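Just so it is clear, none of the values below were taken in a lab; they were calculated from the coordinates. Predicted model, so just to flag it, every value in this text is computed and none were measured. Virtual Cβ from ideal backbone geometry, glycine too; neighbours counted across all protein chains shown.
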Amino acid sequence: MSKEIRQSITGIAMVLPSFAILLIVVIIPIVQSFVMSLSNDSGGYDLSRYTFLFTDKGMRDNIVFTLRITVITCIAVMLVSYTLAIYMRFNQGPVVNLIRKTYMIPLFIPGVIATYGLINLLGNHGWLARILEVAGITLPRIIFDEKGIIIANLWFNIPFTTMLLSSALSGIPSSVIESAKDVGVSRLTLFTRFIFPLSYKTFLVALTFVFMGVIGSFTAPFLIGANSPQMLGVSMQQVFSVFQEREQAAAIAFFSFLLCSVLGAFYIRSMAEEEKGRI
């Protein structure tokens, strides 16, 4: 057996376990959900479950609500995380050291505990409301509102996103930044022409993680979200467990997968074009 064949067999053997896990955990359940979502009440197959998603007012509101929360969260997370990452990369001092030591803490706090902490802090009778009441200020409604869901999503996503972007920015040579400054490049030009292009790949990875995490989130929207409209994850759970409509829940799940696939396809296409440009 030649060396090339042995290397090919070894490569396939190393890939097979991960592919098997992907097949069992992801691909097969997606196919099963899609087939289940096509079944109708008369025992046949059609697109009535998906038609319901766009003809029912409640479901349309849930879809629009989910997309609005996801877009707002993605924009806010990327802005805050990029700002923190840039600040830690190009500055020194006690404040920077404090941020570096503490910004990862939310990753080690369980989601349920963090959510209940936000309820105790930002609820109508929470700590912040009682403190502001002494000053004669009424805290606006945050919990059981979309603002509470967005704040919770910021708590969950900013640390990990900041870590990814910080890693990307640390790979930018300081000589490139210093050379640009020496020729009089402004801060805005420095960011748009050097920093952002050199960290664009990691930016897309972080954005993909945030988008998929928020659009499929359940814990925070379930505990601090309003009864209506709902995030798709909460709506799917209600349809499945309360109304016992497994086929409709499968349609919601597959539709959520399609929404995530849009960004996933954009990411794969961007990476493929970048690799093609290098060849």
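Over segment 56-278, calculate the relative contact order: mean separation of alpha carbon pairs under 8 Å at least 6 apart, over the residue count, as a percent.
Over segment 56-278, the number comes to 29 percent.
Residues of segment 214-238 with amide nitrogen under 19 Å from the 7 Å Cα-to-Cβ point of Tyr116?
Counting backbone N atoms under 19 Å from the label point, the list is 218-225.
Loop only by DSSP, 14 or fewer other Cβ within 10 Å of the Cβ. Give me the GluC sites (Glu not before Pro) in segment 192-279 that pass, ordered by residue number.
none
Between segment 1-79 and segment 195-234, what is the separation of their alpha carbon centroids in Å?
If we compute the Cα centre of each part, the gap is 16 Å.
Quick one, which of (i) 21.0; (ii) 15.2; (iii) 23.0 is the actual mean projected area of the Cα convex hull in nm² calculated for this model?
The value matching this structure is (iii).
Whose amide H sits under 5 Å from the amide H of Asp145, counting only residues 5 or more places off or on another chain, with H placed in the peptide plane?
It is Ala226, by chain and number.
Taking N as the number of residues in segment 2-50, what is its alpha-carbon radius of gyration divided by 2.2 N^0.38 Å?
1.95
State the percent of C-alpha pairs, over all pairs in segment 54-142, separated by a distance greater than 23 angstrom.
That fraction is 55 percent.
For the chain, how many pairs of lysine residues have a Cα-Cα distance under 26 Å, where the two are 8 or more positions apart or belong to different chains?
Working: Lys57/Lys147; Lys101/Lys201; Lys181/Lys201; Lys201/Lys276.
For the chain, qualifying lysine pairs total 4.
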